Amino acid sequence: MKPQEEKGRCCWMIVGQTLMRSVSQAVRPAAAASRQKHTLPDLPYDYDALEPHISADIMWRHHGKHHAEYVKNLNMIQEQYLEALQMGDKTAQQVLKPARLLNYGGHINHSMFWNNLSPNGGGEPKGVLMNAIKRDFGSFETMKQEMSAASMSVQGSGWGWLGFNKVTGKLKITTCANEALLHNVTGLKPLLGFDVWEHAYHRQYDNSRSDYIKSIWNVINWDEVSKRFNKV
Ligand SMILES: [Fe+2]
């Protein structure tokens, strides 16, 4: 892990731990809240399956550590949030909200991300998705260029997105900061997301986010993206 990334992660972890302590002090150990726990989904392929485009080292850290941490924190925060609700403690609810959103968004975004990648991916989509891409961007290559440029434009940590606007009936490319959920922020239905947090590429590509983005197109699971598109 690069120092900068570790520093960044530590910041929110420490904030989270401080937050947990302050909320624990604010909220008495109320009756344990029973709530369904979130779980880390299995990857649909081995950690080394996306090499050379995404290394096994990146994949096991990204899935087995980063995503696992979101799930662990989310379960802990949700339990404390439910306690705060039961106690009617609005201050504690407010204090917990940012960490709750971050970890929930991280869990949802990554759960989708793994399925949008495949060792048999790459190439171009087919059928109705390809027709929609050509209609809304002019060509597949233009869509790729716009998605790549949007992902490059993310300041700090975040995601580049291809989404669908149900009101206009059109595909749209945009970005979200940190782990914000695309639908919550823009109303778009998420079809394909590029995780451009440093933890997604730094250990393999150093500072070159552009090389990572060039490579990730080789492992995009267009069948999965098409399934998503067909559902919306
Ligand atoms: Fe990530």
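Numbers at a glance
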| item | result |
| --- | --- |
| Elements of type helices (runs of 4 or more DSSP H) in the range 156-219, at least 2 residues being crowded, with 20+ Cβ neighbours inside 10 Å | 209-216 |
| Tabulated pairs, the range 207-232, first free of Cβ contacts under 8 Å to residues at least 60 places away in the same chain, second acidic (D, E), C-beta under 9 angstrom, 6+ apart or interchain | N207/E198; R209/E198 |
| Residue count, the range 164-211 (criterion: more than 25 Å from G138 (Cα to Cα) and among the β-branched types (V, I, T)) | 2 |
| Among residues of the range 185-206, those that are free of Cβ contacts under 8 Å to residues at least 40 places away in the same chain and in contact with a strand residue (DSSP E or B) (Cβ under 9 Å, 6 or more places away or on another chain), counted | 4 |
| Per-region count, the range 120-138, residues assigned to a helix (DSSP H, G or I) and either under 21 Å from H53 (Cβ atoms) or of a type outside the set (S, T, N, Q) (or both) | 10 |
| Qualifying residue in the range 201-217 (condition: more than 16 Å from the ligand (Cβ to nearest atom) and aliphatic (A, V, I, L, M)) | no |
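Residues are listed down the side, and each one gets a yes or a no for (1) more than 16 Å from the ligand (Cβ to nearest atom); (2) without any contact (Cβ under 8 Å) to a residue 24 or more places away in the chain; (3) of a type in the set (V, I, T):
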site	(1), (2), (3)
K65	no, yes, no
I77	yes, no, yes
A92	yes, no, no
L102	no, no, no
N115	no, no, no
P119	yes, no, no
V128	yes, no, yes
D136	yes, no, no
F140	yes, yes, no
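Where a number appears in this text, it was derived from the coordinates with a stated rule and is not lab data. All values derive from a computational prediction rather than experimental measurement. Note that we place each Cβ from the backbone using ideal geometry, even for glycine, and neighbour counts take in every protein chain shown.
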